[in-house]
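Novice: First, the structure itself, so that you have it in front of you.
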Amino acid sequence: MATLESCRCRGASGRSNSSILYSILKNESAEEQQPRSHQHVLQHLLQKTSSCAPTSLLDPHQQACSCGSTRRRGVLRSPQVTCKAASAVLVKTLRFVKNVPCFRELPEDDQLLLIRSGWASLLVLGLAQDRVDFDTTETVEPSMLQRILTGLPHRQSEPQPGHSRTAAGVSVVDIEAIKAFLKKCWSVDISTKEYAYLKGAVLFNPDLQGLRCQHYIQSLRREAHEALNEHVRLVQREDTTRFAKLLIALSLLRTISPPVVAQLFFRPVIGTVNIEEVLMEMFYGK
């Protein structure tokens, strides 16, 4: 099994070829047998409130764009039901990550970078795996002229008492992107092992700035891709395009931003609490 010393001294060539493969598959299959202590932490944090919304949850592209597509926004039709399901998937996702030995052997700084970068993509993958579907209802954000004529405050000004600045939901374009990814996964009928390899490919992202073990993380992602390809080749021999379909699904996943995921699935229940605070509390118990 790979160790941190392998990262610093020997690199990827000195590792056993089955390290991440065995770890991911073993922990994915045993996921439901783990304790549920994180759920109590999540329930505690869901009751927190804060006086202002964190800037990390606001999408600057949506703020800056004035086209009609971004003014068409959507909110969950049944937020309590959907947010509860998303919260359960988040618990399972963090448990999965925490039980991967290759991840635990990384420096804590690298762990933090990988979690902050990949939590949203891993969550949406989990939603697809658990077949969590959701419905939204559209709410049109008033144009600048409508605001002037009706006396509504400007978008960038302070919200009126009792109203959240982000109460208008997220862009319907972003909602459609999430739904398109879910439908793609369901149409391909991804197996449990394939989801595990995909999670490994998403989790170990070597492109982040500031990683101390970048080459090691890059080798882990490459190993996850190779393992996925080998699994598809052996199990799905008749489907010669399956591996390409899975890579297309991954490309769709990369278009989904963490602020959108946080705003859509968690803002209705955690309010203005920073989602990263919830993640760190659940993962490290801080």
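The values are calculated or read from the model by the stated rules, or taken from the named source; none is laboratory data. Computed from a predicted structure; not experimentally measured. In this analysis, Cβ positions are derived from the backbone assuming ideal geometry, glycine residues included, and neighbour counts consider all displayed protein chains. Remember, those area values only see protein heavy atoms, side chains included, never the ligands or the DNA or RNA. Shrake-Rupley method; radii C 1.70, N 1.55, O 1.52, S 1.80 Å.
Novice: For region 234-286, give me the residue count where each residue is at pLDDT 90 or above, of a type in the set (A, V, I, L, M, F, W, C) and part of a loop (DSSP other than H, G, I, E, B).
Specialist: The total comes to 2.
Novice: Follow-up. Out of (1) without any contact (Cβ under 8 Å) to a residue 40 or more places away in the chain; (2) closer than 17 Å to GLY118 by Cα, what's the single condition that is false for ASP239?
Specialist: Checking ASP239 against (1) without any contact (Cβ under 8 Å) to a residue 40 or more places away in the chain; (2) closer than 17 Å to GLY118 by Cα, the one that fails is (2).
Novice: Next question. Run CYS213 past the list (1) in contact with an Asp or Glu (Cβ under 7 Å, 6 or more places away or on another chain); (2) over 17 Å from PRO107 (Cβ atoms) and report the number of the one that doesn't hold.
Specialist: (2)
Novice: Something else: Go through region 168-201 and report how many residues are within 23 Å of PHE266 (Cβ to Cβ) and open to solvent by less than 20 Å² (accessible area, probe 1.4 Å).
Specialist: 12
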